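The values are calculated or read from the model by the stated rules, or taken from the named source; none is laboratory data. Note that the coordinates shown come from a computational prediction; the quantities given were computed from them, not determined experimentally. So basically every Cβ, Gly included, is an ideal-geometry build from the backbone, and we count neighbours across all protein chains shown.
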Amino acid sequence: MLADGHPLDLRYSCPVAGHRQGDLTLGAKSWFFLSADYSLGVQLEADSRRVIEATGGNVVGAVKHPVNTPDFSSFLLQAQSSKADVIALADAGGDFINAVKQAAEFGITHQQKLAGLIVFIADIHSLGLPSAKGLMLSSAFYWDLNGETREWSKRFVDKTQKVPTMIHAGTYGAVAHYLRAVEAAGTLDGPTVAARMREMPVNDFMTSNGRIREDGRLIRGMYLFASSRRKSRNTGSTTTSYSRPFPGKKRSGRWRKEDARS
């Protein structure tokens with residue numbers, strides 16, 4: 001909400017777009033959804049299906065699980081029997097962590113990839129590398145990605161004693177962009193500042209030449225990661241291995257099928 005009460009909505013690009021573009025290069029063609037049975041899971045699955053189908057992928061099945069279920073065995077066995085290349089986990093928090101742990105216990109990850117649609121580094125730490133190894137995730141930010149992310153993350157850790165996630169970094173970046181727009185516009189008038197925010201490219205420690213569309217969605221590059229055991233210069237071990245970047249679209253307008261192919 002801007003100072004005069006006008007709303008300003010900045011949103012993250014759909015994470016599955018990064019997954020789908022990355023999986024095309026890794027030979028993944030078929031998907032099975034394991035989704036939480038409430039609005040988050042429903043929306044994640046629906047958005048993901050559109051991207052997958054637009055890029056020539058195939059959804060071979062789906063199953064919904066209750067929130068906070070302790071036993072994923074029946075749902076995971078359905079996903080395993082589908083023989084899909086990728087099992088997409090359209091859930092979050094404890095449900096996501098339990099699903100990944102039980103998939104590892106059942107040996108499912110030896111033949112099929114797991115893709116988390118909403119994953120943070122804290123989730124990987126909770127899982128531990130034996131369970132999380134090979135898990136695919138997409139993010140606009142990783143603390144150890146480059147010099148700029150490491151410098152900002154060090155300041156964050158010094159103040160909070162926590163490793164920052166994409167949400168932490170994105171919130172900081174959004175506020176900083178707003179303040180730069182206020183300075184450039186010379187006013188706190190909501191519509192004027194919002195217009196200036198859309199005019200100005202978003203350039204900071206996590207985003208290069210990002211653009212805010214007319215609908216308020218921030219379009220930025222995303223990265224595909226895979227959880228792995230790799231030495232870190234700071235902590236001695238890390239949980240995420242950089243795979244490759246995928247650029248964001250810079251045009252305005254609603255999402256179209258063509259967006260998923262770029």
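Of note:
- Only one of 149, 109 that is free of Cβ contacts under 8 Å to residues at least 60 places away in the same chain and touching a helix residue (DSSP H, G or I) at 6+ places or on another chain (Cβ under 7 Å): 109
- The residues of region 60-115 that are of a type in the set (Lys, Arg) and under 19 Å from residue 38 (Cα atoms) amount to a single one, 64.
- The residues in region 171-186 that are in contact (Cβ under 8 Å) with a residue 24 or more places away in the chain, surrounded by 15 or more Cβ atoms within 10 Å (Cβ to Cβ) and aliphatic (A, V, I, L, M) can be counted, and the count is 1.
- Of all residues in region 187-201 being outside any helix (DSSP H, G or I) and under 25 Å from the mean Cα position of the chain (by Cα), the one that is surrounded by the fewest Cβ atoms within 10 Å (Cβ to Cβ): 201
- The residues on offer are 103, 115, 122, and the sole one that is in contact with a His (Cβ under 9 Å, 6 or more places away or on another chain) and assigned by TED's automatic domain parsing to the domain that holds residue 51 is 115.
- In region 32-59, the residues that are in contact (Cβ under 8 Å) with a residue 24 or more places away in the chain reach residues that are among the hydroxyl-bearing types (Ser, Thr, Tyr) and outside any helix (DSSP H, G or I) with C-beta atoms within less than 6 angstrom, at least six apart or across chains, in these pairs: 41/35; 45/35; 58/30.
- Test for residue 194: is it hydrophobic (A, V, I, L, M, F, W, C), at pLDDT below 95 and within 19 Å of residue 210 (Cα to Cα): yes
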